[in-house]
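The values are calculated or read from the model by the stated rules, or taken from the named source; none is laboratory data. Bear in mind the structure is a predicted one, so any value in this text is a computation, not a measurement. Neighbour counts run over all protein chains shown; Cβ positions are idealised from the backbone, glycine included. Keep in mind that these areas ignore ligands, DNA and RNA; they rest on the heavy atoms of the full protein, side chains included. Shrake-Rupley method; radii C 1.70, N 1.55, O 1.52, S 1.80 Å.
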Amino acid sequence: MKKVTVFLGSPRKKNTYQIVREFEENLKSYAEIDFEYVFLKDYYLENCKGCITCFNKGEECCLIKDDLSLLIDKMNNSDGVIFATPNYSFQVTALMKTFLDRLGFLFHRPRFFNKAFTAIVVQGIYGGSDIVKYLEFLGRNLGFHVSKGCCLTALEPRTSLEQQRMTNKIKKASARFYRELMRPSPNPSFFRLLMFRLGRTNIKMILDEKFRDYEYYKEKGWFESDYYYEVSLGMIKRLAGRVFDLLGKQMVRRRGS
Ligand SMILES: Cc1cc2nc3c(=O)[nH]c(=O)nc-3n(C[C@H](O)[C@H](O)[C@H](O)COP(=O)(O)O)c2cc1C
């Protein structure tokens with residue numbers, strides 16, 4: 001049975017929660033799914049202090065002792081992850097942003113491969129679509145394969161036409177997420193391949209064993225591999241990968257001159 005965990009960024013249990021409930025019902029109409037709710041408001045998360053210790057020395061050296069590793073374990077133990085948040089002042093809520101900042105080191109050392117991700121944003125009037133795109137971008141950079149998220153307008157009182165539109169949107173988003181949940185991580189796009197190759201070349205040439213990023217890439221075999229995980233790249237992508245490696249080297253050398 002697939003396990004899906006939703007991280008909710010609202011300080012209350014209202015519109016976002018109700019919409020996620022509907023999403024859950026739709027998902028469960030396709031297959032038996034173990035669905036867990038993680039209300040960020042119920043966890044103890046401190047603000048990032050900006051010391052960069054997690055980037056350089058490793059997350060285990062972080063001085064903050066809060067519930068972060070518990071939340072990361074929940075992602076590790078899931079096949080699918082959803083970030084759901086209301087739109088607050090054209091961004092995610094502070095609860096969600098605190099969580100995202102605490103995950104910052106994972107953008108250097110992504111690890112949620114072979115797991116699906118989507119985003120649900122709930123708004124009063126306007127601005128939520130950009131937040132969906134932002135969260136989708138984040139999901140990709142954490143290693144997830146991402147299904148297009150959705151932005152829902154939860155105005156009260158709601159007409160029956162508005163309710164119908166919302167129900168349809170949730171249905172489509174949950175169908176997309178279910179498809180993503182059932183498939184393995186895809187081959188990378190040219191853009192993702194470029195990002196991986198440039199990133200690893202930078203880390204290899206600029207850092208050394210004293211840095212956690214360097215150690216992590218070495219441990220994972222990422223200095224030699226085609227991509228973060230095993231993929232069968234076609235001839236053109238393999239060639240492009242080599243060009244991206246050279247490009248990365250040139251960029252590093254240019255920085256040094
Ligand atoms: C502090 C605050 C800021 C908000 N900012 C926006 C906004 O910029 N754009 C918008 O469309 N709705 C905004 N809203 C409305 C919420 O996104 C909306 O009420 C949402 O449904 C709340 O979800 P919840 O019931 O799960 O808390 C804001 C609400 C609050 C409390």
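Kindly evaluate residue 254 against the criterion of being at pLDDT below 95 and part of a helix (DSSP H, G or I). Considered against the rule, which asks whether it is at pLDDT below 95 and part of a helix (DSSP H, G or I), residue 254 comes out as yes. Filtering the stretch 120-159 to residues that are more than 9 Å from the ligand (Cβ to nearest atom) and more than 19 Å from residue 97 (Cα to Cα) leaves 145, 146, 147, 148, 157, 158, 159. Among the residues of the stretch 109-145, those that are open to solvent by 10 Å² or more (accessible area, probe 1.4 Å), in a helix (DSSP H, G or I) and touching a residue at least 24 places away in the same chain (Cβ under 8 Å) comprise 130, 134, 138, 140, 141.
So which of 40, 70 is surrounded by 19 or more Cβ atoms within 10 Å (Cβ to Cβ) and modelled with pLDDT of 95 or more?
Every option except 40 fails the conditions.
The single condition among (1) among the hydrophobic types (A, V, I, L, M, F, W, C); (2) at pLDDT below 95; (3) assigned to a helix (DSSP H, G or I) that residue 177 does not meet is (2).
Go through the residues of the stretch 146-168 one by one and say whether even a single one is modelled with pLDDT of 95 or more, part of a helix (DSSP H, G or I) and either polar (S, T, N, Q) or in contact with a His (Cβ under 6 Å, 6 or more places away or on another chain) (or both). Yes, the stretch 146-168 contains at least one residue that is modelled with pLDDT of 95 or more, part of a helix (DSSP H, G or I) and either polar (S, T, N, Q) or in contact with a His (Cβ under 6 Å, 6 or more places away or on another chain) (or both). Report whether or not residue 198 is in contact with a Gly (Cβ under 9 Å, 6 or more places away or on another chain), surrounded by 15 or more Cβ atoms within 10 Å (Cβ to Cβ) and not in a helix (DSSP H, G or I). No, not satisfied.
Quickly run through the stretch 216-234 and pick out the residues that are in contact with a Leu (Cβ under 8 Å, 6 or more places away or on another chain), open to solvent by less than 50 Å² (accessible area, probe 1.4 Å) and at pLDDT 95 or above. If the condition is that a residue be in contact with a Leu (Cβ under 8 Å, 6 or more places away or on another chain), open to solvent by less than 50 Å² (accessible area, probe 1.4 Å) and at pLDDT 95 or above, then 227 is the only one that fits.
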